[in-house]
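Notes follow the structure.
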Amino acid sequence: MFGLLLSLAACSGDGVGSASGLNPFNWYNGGTPETLTPKGGYVTAANDYRPLADQLTDLSVERTASGLVITATALMPTQGWYFAELLRVNEDNATEAIYEFHVLDPYGTTRVSTPRSREITAGAFLSTDEAAGIRTIRVVAARNSLTKNR
């Protein structure tokens, strides 16, 4: 009988069993919560190390059930450019969304070849809530910019 009372007291959380390794509530305590946010924060147009794309050739905005898909194509001076991304410049503007087209240059020298082989495409997404007041979408490159009005 005494053994039964002792085991019940150990499991009741009165201090004897609550700090033990047998308590499942203690198995994952002590760890720090992990986050998916990159060290140093997310890349923005202001702190991006990649240069702007050379020249835009196409801009399309397609409506979907959950928002807008923005796709831009740029013509680069040589082949091999990669890691293209449209980065929003003006998060605070409610009527105009301005994006910069950033790309990473190739390592070493690359061929010029045909214009088709030097094209690179990047995209961005605006949710329905984010796109609610947007009337103009502009994408900026080094030598030009393209605009779509809704």
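Since every read-out is calculated from the coordinates, none of them should be taken as a lab result. If you're wondering where the values come from, they're calculated on a predicted model, not measured in any experiment. Cβ atoms come from the backbone with ideal geometry, glycine included; neighbour counts cover every protein chain shown.
Screening residue 128 on (1) in contact with a Gly (Cβ under 8 Å, 6 or more places away or on another chain); (2) at positive phi shows it passes everything except condition (2). Would you pick out the residues in region 112-128 that are among the charged types (D, E, K, R) and free of Cβ contacts under 8 Å to residues at least 60 places away in the same chain? Passing the criteria: 116, 118. Selection within region 91-110: residues that are part of a strand (DSSP E or B) and aromatic (Phe, Trp, Tyr). The member of this set that is surrounded by the fewest Cβ atoms within 10 Å (Cβ to Cβ) is 99. Screening 74, 132, 122, 141 for residues that are over 16 Å from residue 51 (Cα atoms) and either buried (at least 17 other Cβ atoms within 10 Å of the Cβ) or small (Gly, Ala, Ser) (or both) leaves exactly one candidate, 132.
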